[in-house]
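Derivation of every value follows stated rules applied to the coordinates shown; laboratory data play no part. The structure presented is a predicted model; accordingly, all values stated were derived computationally and were not measured. Reconstructed Cβ throughout: ideal geometry from the backbone, glycine too, with neighbour counts over all protein chains shown.
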Amino acid sequence: MTPREAAIALNLIPGLGPVRIMRLLQVFASPELILESPSSLLMEIPGVGAQLACRISSWRSTVNPYRELELADNAGAAVTTVFDDSYPSSLRALPDPPIVLYSWGNWTGTDAERSIAVVGSRMATHYGRLCARNISHDLAEAGVTVISGLARGVDTEAHTGAMDAEGRTIAVIGAGLNKLYPRENRNLAQRIADGHGAVVSEFPMDLPPSRTTFPMRNRIVSGWSRATLVVEASGRSGALITARTAAEQGRDVFCIPGPVDRHSSDGCHALIRDGAILATGASDILQDMNWAVPEQGLPLFSPCPLPEPHPHRFPLWKKRRFSTPSEWVSILLTPSAPLWEKRRIPSPRFWPKCKLQGKLLRTLEGISPLTAGNFRKIPLFRRGKRQVRASSP
């Protein structure tokens, strides 16, 4: 058995994490000796109890490193161990480095030299998503590798912004590559692997995500990068774990401030109070990290549009393909082109009585689309004594 195969076997043993494996490697000369040692000898290592020592000594009955290599090969994934020369040097310096890295795509040695972790809330607001995409776009355009976790919200925008700038990005996921999470980001992961960077995991190929895998993933995100940027995080966001881990690893922590009346930015404001560096754009990070800054400044909101929102949230004047709300009103009020007649809207002179003005204003502000169903709830046309003719101007 080679050291590479022994490292994969150790990584497959349940309950044996990177910290215990590094303790064992400090005592034994190679990973093969760990697997060949009796349980009585393994129990003398701090942190290795009788049950775990029995699992290690009887590893052949529970794990199969050759099958794991076959799964990786079938999925088109590369396997890199801590004993390989291509292993990232920044991760090797950690006290608890991942023993095995499964990856789609490729990383380079320069990724760790100019790299930043971009993290934040999964349920990011429009403001947080816009900041994450624009700043990642500008950093990638300046030659900085963006590292994130491929999660919803801020992570997704960070990867997308970096690739839109034709830059590099690395996604570190909290599950095995065969159990990629979230599923809706499979296309994003494929795009990253196709020439824009790498999708990386330290977990076995078929391991599903859990509450313990994501905090373990966070230390790789922060440890692989030179600094960490928290874009938007509430007081209980998992991004704060990454920020604290980055500080413990000796990395700089940057934060984007948010509106003071929103809880979605409480975590960022708390980090700033505790000493994190306030950043309002990519230029602040580039200057503070002593990285080359382009001649033109990099504002926070650079031209990098977000995708259009869902059609049901469009204002009515966008649905009807009018250029502006004012044009919509002018057409609606023009007797020669009574759009109100076609839409079964009453004559404009009856609007104050049926309280239509307020609905029209809310519609033009984009708060709630105005549809025919809204008018059916209002007694606009009454049959009987007071009949309103639809042709009335």
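Can you tell me how the stretch 71-176 classifies by the Cα gyration tensor, rounded, prolate or oblate, using a/c under 1.5 as the rounded cut? Here the stretch 71-176 falls in the prolate category. When a/c reaches 1.5 or more, the comparison of a/b and b/c decides; with that in mind, is the stretch 158-307 rounded, prolate or oblate per its Cα gyration tensor? The shape class here is oblate.
If you sort the three axes of the alpha carbon gyration tensor as a ≥ b ≥ c, you get a/c under 1.5 for the stretch 3-63, which makes it rounded. Counting every other Cβ atom within 10 Å of each residue's Cβ, Val48, Val221 order from fewest to most as Val48, Val221. Ranked by how many other Cβ atoms sit within 10 Å of their own Cβ, fewest first, the residues Arg92, Arg219, Arg55 fall in the order Arg92, Arg55, Arg219. Here the stretch 1-76 and the stretch 214-254 have alpha carbon centers that stand 29 Å from each other. Report note on the peptides 272-285, 120-133: ranked by the mean count of other C-beta atoms within 10 Å, highest first, their order is 120-133, 272-285. Counting other Cβ atoms within 10 Å as a rough exposure proxy, the listed residues Asp288, Asp85 run Asp85, Asp288 from fewest neighbours to most. Sites listed here are GluC sites (Glu not before Pro) in the stretch 23-54 whose DSSP assignment is loop and whose Cβ has at most 12 other Cβ atoms within 10 Å: Glu44.
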